[in-house]
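Since the structure comes first, as structure tokens, the remarks are kept for the end.
The values are calculated or read from the model by the stated rules, or taken from the named source; none is laboratory data. For clarity, every value in this text was computed on a predicted model and none was experimentally measured. So basically every Cβ, Gly included, is an ideal-geometry build from the backbone, and we count neighbours across all protein chains shown.
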Amino acid sequence: MTEPAEPAVCSARGCGAAAAWALRWNNPKIHTPDRRKTWLACDEHKGSLSDFLERRSFLREVDPFTG
């Protein structure tokens, strides 16, 4: 029998809240245009994590997280 997977949590430092959003990003200096990395965010940290990535022109998509 397999153990249940750990619930996905927010990527913000010190946050243990359940993830509600998938922030898909890439750094065009080191990633190909189609490559996506993902940070997970709770409702509280969606804005601050998105802003961090957007200021660097890394943010590509924000989707609801259903994982």
Review point. Of all residues in the range 1-52, which are β-branched (Val, Ile, Thr) and under 8 Å from the mean Cα position of the chain (by Cα)?
Key: 38
Check your understanding: Which of (1) surrounded by 13 or more Cβ atoms within 10 Å (Cβ to Cβ); (2) touching a residue at least 24 places away in the same chain (Cβ under 8 Å) does residue 52 not meet, given it meets every other one?
Key -> (2)
Review point. Given the residues 11, 50, which is the only one that is out of contact with any Phe, Trp or Tyr (no Cβ under 8 Å at 6 or more places or on another chain) and at pLDDT 95 or above?
Key: 50
Point to revise | Members of the range 11-42 that are surrounded by 14 or more Cβ atoms within 10 Å (Cβ to Cβ) and farther than 20 Å from residue 56 by Cα | key: 15, 17, 19, 20, 42
